[in-house]
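Student: Let me begin by handing over the structure; questions about it come next.
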Amino acid sequence: MASSALLDVLKGKMPGRRPLWFMRQAGRYLPEYREVRAKAGSFLKLCYTPELAKEVTLQPLRRFDLDAAIIFADILVVPQAMGLGLSFADGEGPVVEKVSGPEGVAALRPVDEAEEVQLVCETVSQVKASLSKDIALIGFCGAPWTVASYMIGGGGEGGREAARAVALAGPQWFAELMQRLVDASVAYLVRQVDAGAEVVQIFDSWAGDLPGYAQQDLVGKPIAAILSRLRKERPGVPAIVFARGAGAGHRMIGEMTKAEGLSVETSMPLDWARDHLAGRHVVQGNLDPLVVEQGGGALEAGVRQVAGILPKQHHIFNLGHGMRPGTSPAHVDSVVKAVRRLDG
Ligand code: CP3
């Protein structure tokens with residue numbers, strides 16, 4: 001069986017073809033996902049029922065010729081495993097129980113023994129057992145800043161601004177919260193690797209909320225701390241960092257974290273990424289999820305733009321953010337076929 005194109009590029013080898021997967025490749029745009037989610041009763045029930053989470057992890061791979069599976073879970077599993085309440089209101093965002101001072105941080109639990117972590121890792125091992133060797137299995141967690149942003153802001157209206165205000169004021173309890181999240185992320189990723197994850201991605205979705213001067217301390221440093229500990233504890237597992245909205249900050253974040261892959265947002269000009277990131281890092285991205293939803297000529301042009309700039313040994317084809325729930329699966333199929341066609 002061939003090796004995985006995704007692992008090959010991340011390990012600096014020439015891949016057999018351009019690696020391709022999509023953020024939120026499992027999800028509401030697939031009718032078969034909606035069916036399983038209805039059966040589960042709620043999104044969180046789905047995340048914590050390994051047989052069902054395995055099924056939705058594998059669904060996109062049955063339809064599309066992809067190079068990776070990403071474990072079906074959420075970045076907010078970690079705050080829940082630390083003891084905070086979590087719910088998802090239908091059609092709205094997450095609602096996270098807030099932390100607002102030193103007592104709240106002190107009450108947080110380590111995640112090692114948490115049932116939530118065990119259940120996600122059970123999904124990882126079940127998926128791993130049924131994946132062919134040429135499909136890489138991606139484990140993930142949220143980055144400390146983004147997860148802290150949810151824990152402070154609660155996920156609702158105005159929450160991100162409230163979290164940013166705390167981060168920039170910099171009380172001691174915020175520093176402790178970030179440290180607890182570094183520890184929890186290492187423990188969680190180590191468990192995922194032991195269960196079968198071959199690559200890890202760290203999602204810093206709200207990196208772009210921060211002023212540029214704060215990216216080093218709040219994005220680069222905590223992610224670097226996670227990855228250096230992960231490399232010591234489980235050597236040889238490549239990492240992809242998605243500091244969404246970091247712009248030119250991706251270069252500093254790449255230098256600090258030494259991530260094998262850097263995922264870049266839709267607004268990043270890929271020629272800049274080619275000139276400043278590629279060679280030292282594999283660049284992942286960054287087709288606009290909107291053109292996938294739209295389809296037609298915009299989709300074809302988007303794929304040509306993205307795949308035309310970076311050669312396959314420096315690129316992982318992906319979106320600049322997650323798949324939109326209204327996307328037609330036929331359009332996703334068109335993207336996959338267009339990528340394969342362009343690479344001959
Ligand atoms: O296919 C995959 O990418 C794997 C599964 C995955 C989900 N969330 C499933 C999900 C992954 C990797 C995530 C990461 C995640 N979760 C991020 C980082 C990436 C990003 O989008 O920036 C963030 C910020 C979250 C937090 C989160 N989870 C939000 C804000 C929401 C609500 C918005 C929305 O899309 O509904 C979720 C819910 C969520 N996570 C869904 C899925 C499939 C939708 C749940 C449903 O079925 O209703």
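Student: Take Lys54 and tell me if it is among the basic types (Lys, Arg), in a helix (DSSP H, G or I) and within 12 Å of the ligand (Cβ to nearest atom).
Tutor: Spelling it out, it is not the case that Lys54 is among the basic types (Lys, Arg), in a helix (DSSP H, G or I) and within 12 Å of the ligand (Cβ to nearest atom).
Student: For Phe72, only one of the following conditions fails: (1) more than 12 Å from the ligand (Cβ to nearest atom); (2) touching a residue at least 40 places away in the same chain (Cβ under 8 Å); (3) in a loop (DSSP other than H, G, I, E, B). What is its number?
Tutor: Only one criterion is unmet by Phe72, namely (1).
Student: So, in region 34-54, of the ones that are under 22 Å from Arg324 (Cβ atoms) and within 19 Å of the chain's Cα centre (by Cα), which residue ends up surrounded by the most Cβ atoms within 10 Å (Cβ to Cβ)?
Tutor: Top of the filtered list is Ala53.
Student: If Gln59 meets every condition in (1) buried (at least 23 other Cβ atoms within 10 Å of the Cβ); (2) among the polar types (S, T, N, Q); (3) within 14 Å of the ligand (Cβ to nearest atom) apart from one, which number is that one?
Tutor: Only one criterion in (1) buried (at least 23 other Cβ atoms within 10 Å of the Cβ); (2) among the polar types (S, T, N, Q); (3) within 14 Å of the ligand (Cβ to nearest atom) is unmet by Gln59, namely (1).
Student: Within 24 Å of Ser125 (Cα to Cα) and without any contact (Cβ under 8 Å) to a residue 24 or more places away in the chain: is that true of Leu52 in this structure?
Tutor: yes
Student: Output the qualifying pairs, or none if there are none: Cβ atoms under 6 angstrom, residues six or more apart or on different chains, first residue in region 320-338 and over 17 Å from Pro19 (Cα atoms) and at pLDDT 95 or above, second residue part of a loop (DSSP other than H, G, I, E, B) and away from the ligand (no atom under 14 Å from the Cβ).
Tutor: Close Cβ pairs satisfying both conditions: His331/Gly295.
Student: Here's something else I'd like to know. Here are the criteria: (1) more than 30 Å from Ser328 (Cα to Cα); (2) buried (at least 16 other Cβ atoms within 10 Å of the Cβ). Tell me which single one Asp217 does not satisfy.
Tutor: All conditions pass for Asp217, except number (2).
Student: Mind checking which pairs have a first residue in region 199-225 that is under 13 Å from Val241 (Cα atoms) and without any contact (Cβ under 8 Å) to a residue 40 or more places away in the chain and a second that is aliphatic (A, V, I, L, M) and in a helix (DSSP H, G or I), Cβ under 8 Å, 6 or more apart or different chains?
Tutor: Qualifying pairs under 8 Å: Gly220/Met252; Gly220/Ile253; Gly220/Met256; Lys221/Met256; Ala224/Met256.
Student: Given the residues Lys337, Lys312, which is the only one that is surrounded by 16 or more Cβ atoms within 10 Å (Cβ to Cβ) and of a type in the set (Lys, Arg)? Please lay out each step first, then the result.
Tutor: Details: Lys337 fails: surrounded by 16 or more Cβ atoms within 10 Å (Cβ to Cβ).
Answer to the selection: Lys312.
Student: Can you pull out every residue in region 75-124 that is within 16 Å of the ligand (Cβ to nearest atom) and part of a loop (DSSP other than H, G, I, E, B)?
Tutor: Those that are within 16 Å of the ligand (Cβ to nearest atom) and part of a loop (DSSP other than H, G, I, E, B): Ile75, Leu76, Met82, Leu84, Gly85, Ala89, Asp90, Gly91, Glu92, Gly93, Glu97, Lys98.
Student: Would you pick out the residues in region 245-270 that are over 16 Å from the mean Cα position of the chain (by Cα), of a type in the set (D, E, K, R) and buried (at least 17 other Cβ atoms within 10 Å of the Cβ)?
Tutor: Answer for region 245-270, where residues must be over 16 Å from the mean Cα position of the chain (by Cα), of a type in the set (D, E, K, R) and buried (at least 17 other Cβ atoms within 10 Å of the Cβ): just Arg251.
Student: Which condition does Asp275 not pass, out of (1) within 27 Å of Gln192 (Cα to Cα); (2) outside any loop (DSSP other than H, G, I, E, B); (3) not aliphatic (A, V, I, L, M), if it passes all the others?
Tutor: Among (1) within 27 Å of Gln192 (Cα to Cα); (2) outside any loop (DSSP other than H, G, I, E, B); (3) not aliphatic (A, V, I, L, M), Asp275 violates only (1).
Student: I'd like the full set of residues that are under 16 Å from Gln201 (Cβ atoms) and in contact with an Asp or Glu (Cβ under 8 Å, 6 or more places away or on another chain), limited to region 16-38.
Tutor: Of everything in region 16-38, those that are under 16 Å from Gln201 (Cβ atoms) and in contact with an Asp or Glu (Cβ under 8 Å, 6 or more places away or on another chain) turn out to be Pro19, Leu20, Trp21.
Student: Let me ask something else about it. Would you say Gly220 is at positive phi and either of a type in the set (A, V, I, L, M) or away from the ligand (no atom under 16 Å from the Cβ) (or both)?
Tutor: Details: at positive phi: no; either of a type in the set (A, V, I, L, M) or away from the ligand (no atom under 16 Å from the Cβ) (or both): yes.
No, not satisfied.
Student: Filter region 125-148 down to residues that are assigned to a helix (DSSP H, G or I) and aliphatic (A, V, I, L, M) and give me whichever is surrounded by the most Cβ atoms within 10 Å (Cβ to Cβ).
Tutor: Val147
Student: Something else: Return the total of residues in region 184-209 being more than 15 Å from the ligand (Cβ to nearest atom) and surrounded by 18 or more Cβ atoms within 10 Å (Cβ to Cβ).
Tutor: Going through region 184-209 one residue at a time, the tally reaches 9.
The values are calculated or read from the model by the stated rules, or taken from the named source; none is laboratory data. Quick caveat: nothing in here was measured; it's all calculated off a predicted structure. All Cβ positions, glycine included, derive from the backbone under ideal geometry; neighbour counts span all protein chains shown.
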